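Report on the following structure.
The values are calculated or read from the model by the stated rules, or taken from the named source; none is laboratory data. Because the structure is a prediction, the values reported are computed rather than measured. Glycine also receives a Cβ, built like all others from the backbone with ideal geometry; neighbour counts cover every protein chain displayed.
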Amino acid sequence: MPTLAQLQTSISSLLDLPGMPAVLQLNSPTRERAFEAYVFSLLVAAIREAGGTAEIVGRISGPNPGVVIFRGGPGLLGSNAQDFVYANCTLGNRRFEIHVDVLYEGTSEAIHELDVSVYDHDAAQRVRQAPNMFAKTNKLYAAIECKCYGETLGTSLGRTFVGLVADCGKLELDSFVTNGLSQGLVRYFSPTNRPNRFFRLSPLHPAHEREFIDFVKQTLRKWAKVA
Amino acid sequence: MATNETTSKDIYAEVLARLRKVGAAALADEIERTVARGVVVPQPESKLYQKSTVLRPTTDDEKLATAIEFITTAAEIPLMLERVRSAVGGADVKWLPERLGTEREEVSMVPIQGAKKLDIDKASKLLTEIIAIADDHKLNLPEIA
């Protein structure tokens, strides 16, 4: 078995890698945005694996933009202030879109931020005709809360997400995902009526990544009535 | 009998010092604040309840496990961005505020550019190695209060 001294050596070698100090200096909002984009890419992969299509579209430039621009903070689905991207998807007869960091109007008319969401394509097209309008959650199919590991990962985030989902109407998929672990959240999400949760979702844990992709695939295939 | 074996306490202290040296003081501070909060542990029986939960100070192994969790989850961001690039196919990935000056949180692009110097394969190998050794030594992340 490798010794603790070897652990120390491996950590030192990691910190000594050129470019690593810059990575470790990234502030918490930057890490959050990167994790959300990663979860977006896993959804894209899941839809393609499920036999569907997922085309990356820039709000202004159209399909396959040269530079992929994500929102730096929550914003309107139809915003044309920047060339924000979304994934235009088909699966069976369903047409839908995947968005990152969009503000939605819930059933109570309160405004909610959703890290990664799946929204009806036709409804999104209508919202884009009025870019300053909040998309309503009645055409929202999936809500995913993403949390990059940090000191604030605790049960309060789970409570907030449960409250948010309750104001979104019926969803086909609702999940809380993080690249870290919180035993408090494991317990909080354990009752069967709570949203699904995925811990240690990261390229360093391929089995967990696979579990999440398979879950999304199965859920969306069932919803789209694809065998 | 005296030994000069490396302990989890030594590694934890060195890791924090190294993080501060490479300019990641914010991450080191976050680790210290987290371990200072203590650990939640279930208690089978107490004078008051049949089953209860108590708060106790973080042990040296748990402090190191927490530091490793923070470092590995922060260091894997470039690996995630590689996945994003391969899924979206664009030449570059950026984050922009909807309107300049309206952002509530600052997304720092400069370090992301700096991170491009990183050898992703080497980083991935070392991160996997660190996680495996920590698992072997049962350096499990506790339930932080």
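What is the residue count in the range A:26-74 for residues that are assigned to a strand (DSSP E or B) and hydrophobic (A, V, I, L, M, F, W, C)?
Residues of the range A:26-74 that are assigned to a strand (DSSP E or B), as a first pass: A:53-58, A:62-63, A:67-71.
Next, only the ones that are hydrophobic (A, V, I, L, M, F, W, C) stay: A:54, A:56-57, A:67-70.
Qualifying residue count for the region: 7.
For residue B:66, indicate whether it is of a type in the set (Ser, Thr, Tyr), surrounded by 14 or more Cβ atoms within 10 Å (Cβ to Cβ) and more than 20 Å from residue B:25 (Cα to Cα).
Working: of a type in the set (Ser, Thr, Tyr): yes; surrounded by 14 or more Cβ atoms within 10 Å (Cβ to Cβ): yes; more than 20 Å from residue B:25 (Cα to Cα): no.
So residue B:66 fails the test.
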Given (1) more than 9 Å from chain B (Cβ to nearest Cβ); (2) part of a strand (DSSP E or B), residue A:85 misses just (1)
Given the conditions (1) closer than 30 Å to residue B:29 by Cβ; (2) facing another protein chain (nearest Cβ under 9 Å), every one holds for residue A:9 apart from (2)
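Can you name the residue in the range A:13-36 that is within 7 Å of another protein chain (Cβ to nearest Cβ) and surrounded by fewer than 16 Cβ atoms within 10 Å (Cβ to Cβ) and is also nearest to residue A:69 (Cα to Cα) among such residues?
Just the residues of the range A:13-36 that are within 7 Å of another protein chain (Cβ to nearest Cβ), to begin with: A:13-15, A:17-27, A:29-31, A:33-35.
Retained after the next criterion (residues that are surrounded by fewer than 16 Cβ atoms within 10 Å (Cβ to Cβ)): A:18, A:27.
On the way: A:18: 26, A:27: 19 Å.
Ranking the qualifying residues of the range A:13-36, first place goes to A:27.
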List every residue pair whose Cβ atoms sit under 8 Å apart, with the two residues 6 or more apart in sequence or on different chains, where the first one lies in the range B:30-44 and is among the small types (Gly, Ala, Ser) and the second, anywhere, is part of a loop (DSSP other than H, G, I, E, B). B:36/B:58; B:38/B:57; B:38/B:58; B:38/B:145
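Sort through B:143, B:106 and tell me the only one that's more than 18 Å from the chain's Cα centre (by Cα) and either modelled with pLDDT of 95 or more or facing chain A (nearest Cβ under 7 Å) (or both). If you could, list the steps in order and put the result at the bottom.
Working: B:143 fails: more than 18 Å from the chain's Cα centre (by Cα).
Of B:143, B:106, the one residue that is more than 18 Å from the chain's Cα centre (by Cα) and either modelled with pLDDT of 95 or more or facing chain A (nearest Cβ under 7 Å) (or both) is B:106.
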Filter result (modelled with pLDDT of 95 or more, buried (at least 21 other Cβ atoms within 10 Å of the Cβ), of a type in the set (A, V, I, L, M) and more than 23 Å from residue A:211 (Cα to Cα)) within the range A:57-90: A:76, A:77, A:85
So residue A:221 passes all but one of these: (1) farther than 24 Å from residue B:143 by Cβ; (2) assigned to a loop (DSSP other than H, G, I, E, B); (3) in contact with a strand residue (DSSP E or B) (Cβ under 8 Å, 6 or more places away or on another chain). Which condition number does it fail? (2)
